[in-house]
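Worksheet: the structure to be examined is printed underneath.
The values are calculated or read from the model by the stated rules, or taken from the named source; none is laboratory data. None of these values were measured; they are calculated from a predicted model. When we count neighbours, we look across all protein chains shown, and the Cβ atoms used for this are built from the backbone with ideal geometry, even at glycine.
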Amino acid sequence: MPCAPERSTPPPPPRDPMENPRKRDAILPVSVMLCMHTLIALTVFVVPVMAPEIGMGAEAISLFVLLLYFTSMITVPFSGPCTARFGPMRMMQLCVLACAAGVALCCVATSEAIYGGGVLIGIGLGLATPAASDILLRYTPESIRSFIFSLKQAGVPAGNLIAGLLVWLALAIGWQNAFLLTAAVGATIAIVFQPLRKTWDEGRETDTRIRVNRQSYVNGLRMIKEDKAIRWLSMSSFVFVLLQVSTTSYIVTFLVEDVGRAHETAGSIYALAFAGGFFARVLFGVVADNFIPPLKTLGILGLVMGAAAIATAQFNSDWSVYAIGAVTFLLASTAAGWNGVFIAETAARAPKGQVSHVLGISLILTYAGCIATPPIFLGLLALSDGSYSFAFSLIAVPAILVGIRLLLLKPDQV
């Protein structure tokens, strides 16, 4: 009697990495986002770092930075609807292209062109973080969330590092050629990652209307107000970014004009200091995931960056280049090292499906701090007859105060 054929068990359906992500699922997304954010960060910082070569003083740097971050602040609320309609990967491509175009426009070397370039870079910067966070949150397990977001945000100090090293290239081939090379690399990056769009932009809502009305702002602010943790996260980002933007925008000019270092020496110190910031962001993400709660981690960073800024204010021509480098390293590592923990914790506390929206509204306060930095720093310079030491001393105080407040928050309060 012939045996009945055995029924084959159908293979299990393929696992959806977005439903139950594993650690390895995050490798490709974070690598791509790190690459794209590094290019965006490079375009943000390269003009202030190259300012002595371009011939820009503190006032011109301040106006460039103010325009850049003001543009970011007014565009970031559009990141939610734009990401929903076009997909997060398409938005990241457009952000990189906008930043590349901004750097290329700066090569015209007129004030109008440089400030216009700052506006284009600001558009790319403002729309990028919520879009990248949308991708990473889908593919990252909770156990390594702060680490992955910090790794992505390490693109910022990586951009600082490259901007500092570009000083040497600019001295060899001219700053305009260095800028054009940066723009070409950016355009290439945007095109190379096009194949990933099919998967990462799946599920986009093509009928979403791209508009932000008053009620959208009100709803976003209400979410921040009602969640005490998100409220303190947003407030800390406003304060910490004051010190971060002061460091990235003015430290090279301070070292050249007040401390008496050569531009290439100041650029090298800047680059090496922010190389430490790259690893520090990753380290702080690991700490927040495994050892110290995110809000407490941010509190410690606030205290350390404030102390480092006060030490920076003591620089003079008698300091050795090694001592200046060590203090600048500590300042850069902390003042540019908090962002990943902040973004990961804000994204984690946002209601499901509202990550890019809540993060976008929260980032308005961050960019408000970026916008406030130039007039505050220039005001401090005016009060002290142009003393960068005085400005760095006072700009450190808010970070220290907020750091203390975050450390005093009890678990049941958040």
Filter result (within 30 Å of Pro293 (Cβ to Cβ), assigned to a helix (DSSP H, G or I) and not hydrophobic (A, V, I, L, M, F, W, C)) within the range 101-145: Gly126, Thr129, Pro130, Ser133, Asp134, Arg138, Tyr139, Glu142, Ser143, Arg145
Residue tally, condition at pLDDT below 65 and surrounded by fewer than 11 Cβ atoms within 10 Å (Cβ to Cβ), over the range 182-226: 7
Helices (runs of 4 or more DSSP H) contained entirely in the range 49-100, each with at least 1 residues that are more than 24 Å from Leu161 (Cβ to Cβ): 58-75, 79-86
Residue in the range 58-67 that is surrounded by the most Cβ atoms within 10 Å (Cβ to Cβ), counting only those that are more than 19 Å from Gln176 (Cβ to Cβ) and not hydroxyl-bearing (Ser, Thr, Tyr): Val65
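Table: residues versus (1) surrounded by fewer than 22 Cβ atoms within 10 Å (Cβ to Cβ); (2) at pLDDT 80 or above.
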| site | (1), (2) |
| --- | --- |
| Leu298 | no, yes |
| Ala323 | yes, yes |
| Pro351 | yes, no |
| Ser356 | no, no |
Options Thr247, Thr253: the member that is under 20 Å from Gln153 (Cβ atoms), of a type in the set (Val, Ile, Thr) and under 22 Å from the mean Cα position of the chain (by Cα): Thr247
Count of residues meeting criterion [part of a helix (DSSP H, G or I), more than 14 Å from the chain's Cα centre (by Cα) and either within 14 Å of Leu161 (Cβ to Cβ) or of a type in the set (D, E, K, R) (or both)] in the range 18-45: 3
Inter-residue pairs, beta-carbon under 8 Å, first surrounded by fewer than 24 Cβ atoms within 10 Å (Cβ to Cβ) and in the range 326-348, second not in a helix (DSSP H, G or I), 6+ apart: Val327/Phe315
Options Glu142, Glu112; residue that is closer than 26 Å to Val256 by Cα, out of contact with any His (no Cβ under 6 Å at 6 or more places or on another chain) and of a type in the set (D, E, K, R): Glu112
